[in-house]
Amino acid sequence: MFNIYKKIGWFIKQEWKTYLLMFTLLTLIALLALTPAYVLGIAIDVIVSKSLNWTSFAFLITALILIPVARYLSSYFYNYTVNKTSQKLAFTFRKNYLKKLFDMDAEFYEKYQKGDLISRATADLDMITVAATSMIEGMIFNIGMILIAISIMAITISWELTLISVTIMPIGITILNIIRMKKREYVKKHRVIYAAMTEKILESVEGQKTIRAYVQEENDLKEQKRVIVNDIESWRYIINYENRLAPMFESVYAIAYILAFVFGALFIMQQQMTVGQLVIFISYIGILYGPIISISGVFQQINNATVAVDRFDEIMKTEPDVKDDEIPDHILDFKEIEFRDVTFKYPFDEQPTINQINLTVKKGQTIGVVGPTGSGKSTLIRQLLREFNVTSGHIYIDGKNIKKYKIEDIRKIVGYVPQSHMLFRRGVDDNILIGNPQATIDQLNRAIKIADFEKDIHYLNAGLQTKVGEGGATLSGGQKQRLSIARALVKEPEILILDDSLSAVDANTEETILEQLKKFRTGKTNIIVAHRFSAIRDADLIIVMDQGKIIERGTHEELTKIDGWYKTQYIQQMSMK
Ligand code: ADP
């Protein structure tokens, strides 16, 4: 409970006026809830003593009508304020969480699955906000109501009867709540199972085309069923646990009721109490039931929220390994990149994927990277995106370690076209402008021209404004590739990286793009990973990768003169033409 308070304490401080208003409204609601039974008790005694007249009758009726109206209004304003406040808290939490996700590095995304991260931002966060607001209602209101009711019972009716019947309640309920603490373990397990279910649903929705194409619906449904059944069973276990416990709370209350009735009747027989007083007393025990059950419910919410807070906090406390230096340097005038003995191993792999790489790339050069699939080409060039830290060795930009530079600066000078294209549900133009939202129309048109995307525009029904369907559904594979190239080009990057980005375009288009790159990117650096030799033949330097190492390097002319992988593959490709 205090854990949650620590997490939201700042929010209560910031919103103290709203919390004060909620507190005042709750006090009012509590008082109004306790009044009707009292008025009724007085009425019974007035009737029994035969002293009822028209004035007191009118007064009693008016009070009994006005009290519920006032209670309705206070409850309305209270609920309105609570909802608004909890939405505000959820908004703040979610905003900070999403910001954190953007700060995290690639290793983090290897560790946590999408479904897990989503469930932390949705279900877990909901539990926290509900607990944060219901905590004051649950604790302050209910405890306040219980204390006021008990005081009225003890002071105005009978302290002996209060002692006899009410003492059982806090004792019984505390014991039951201690037993309930055990549920936290089950809730924790359930949160993990729930995250796995979210992950599976996400995978099925994202992969529905592939699943249908391979007629895997049955298998996928089986898998879905498995995670859903897991979720239901785990939840059922928690509910059963709760169901076994909940009636015990009612038994505590029932005992209090019986004690009040038996001893109350005795006190009336001994003329220590009137009938009206016993009616008030028993009504108040009835009134106590609500707050007592609510407090138990709040304990349950706090229990769940404690687990959610831990899960949420785990993410908020994670620090990325790849982060800016305290006083980062800026790249003023890019001249050269140097890989010195660079080795890199993916966080959950045993062996390094690239090994002892030495390579210098100078401004204005075009570098070709070739080699068998899985040889580490992509891994090597992605080191320039600062997704991970290298395992050993160093990468230097203009003689200074890449780690010293502001990450944003590095990403600004690099235009990376990945192998898989992420397109957003926006217009084609907006998808390109993600590369540089400030680009002028001229810059946009130039990028489209270099990427040879111009010819596609008039096939699109609304030209550049055509909305791209989810996952780029309205565009062909080649068009998506060219759009991605235009996106990288619109920022006019110092270093353009085409990571096998010309694979889905035909030979003519490839030639046009390469010519345009030459024409418009003089003095800029290009790194081209390719399978087709035509894409890299004119490069200033070609490196051949195999099993994470550079096994050959040189120009096309040089490499075709030595007997090696390049020459063999080149001859093979030429003979297939
Ligand atoms: P290439 O671009 O030459 O085809 P990659 O650099 O994409 O090769 O991959 C090289 C090796 O690294 C492959 O064996 C691949 O399975 C592995 N790999 C790629 N990405 C990851 C990753 N995120 N985690 C673990 N291994 C990876």
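The values are calculated or read from the model by the stated rules, or taken from the named source; none is laboratory data. From a predicted model like this one, the values you see are computed outputs, not experimental measurements. Cβ: placed from backbone, ideal geometry, glycine included. Neighbour counts: every protein chain shown. SASA here: full protein model, heavy atoms, side chains in, ligands and nucleic acids out. Shrake-Rupley method; radii C 1.70, N 1.55, O 1.52, S 1.80 Å.
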Neighbours of Asp430 by Cβ distance under 12 Å: Lys/Arg at +1, Asp/Glu at -1, summed charge +3
Counting DSSP beta bridges with both ends in the range 402-552, the antiparallel % (nearest 5): 30 percent
If you count the DSSP beta bridges with both ends in the chain, what percent of them are antiparallel, to the nearest 5? 50 percent
Counting every Cα pair in the range 111-191, what percent are over 23 Å apart? 48 percent
As computed over the range 160-251, the Cα convex hull volume per residue (Å³): 88 Å³
In debye, nearest 20, what is the charge dipole magnitude of the range 2-316 about its Cα centre with +1 on Lys and Arg Cβ and -1 on Asp and Glu Cβ, if you could check? 320 debye
Given the peptides 362-375, 560-573, arrange them by the average over their residues of other C-beta atoms within 10 Å, most packed first. 362-375, 560-573
Among Ile152, Leu176, Thr27, flag the residue with its Cα farthest along the positive direction of the charge dipole of the range 2-316, charges on Cβ as +1 for Lys/Arg and -1 for Asp/Glu. Thr27
So, for the range 419-577, what is the accessible surface per residue at a probe of 1.4 Å, expressed in square angstrom? 50 Å²
dims of the range 2-316, Cα set, principal axes, largest to smallest, nearest Å -> 86, 40, 35
Heavy-atom accessible area per residue - the range 2-316, 1.4 Å, Å²: 56 Å²
So, in nm, how far is label Ile551 from label Lys182 when the simple model puts each one 7 Å beyond its Cα toward the Cβ? 6.2 nm
Can you give me the span-like helices of the chain, meaning DSSP H runs with 24 Å or more of Cα extent along the axis and Kyte-Doolittle mean at or above 1.6? 16-48
Placing unit charges on C-beta atoms (Lys and Arg positive, Asp and Glu negative, everything else neutral), compute the dipole magnitude of the range 476-574 about its Cα centre in debye, rounded to 20. 280 debye
In percent, how large is the relative contact order of the chain, given Cα pairs closer than 8 Å and 6 or more residues apart? 14 percent
Could you let me know the centre-to-centre spacing of the range 252-300 and the range 418-482, using Cα atoms, in angstrom? 73 Å
Cα-based shape type of the range 437-577, given that a ≥ b ≥ c are square roots of the gyration tensor eigenvalues and the cut on a/c is 1.5: prolate
On the protein heavy atoms, probe 1.4 angstrom, tell me the percent of accessible surface of the chain carried by carbon and sulfur. 60 percent
Shape parameters for the chain, alpha-carbon atoms, Rg then Dmax in Å: 35.6, 122
The range 22-96: which trypsin sites (Lys or Arg not before Pro) are DSSP loop and have at most 14 other beta-carbon atoms within 10 angstrom? Lys50
Can you order the peptides 486-495, 248-257 by their average number of other Cβ atoms within 10 Å per residue, highest first? 486-495, 248-257
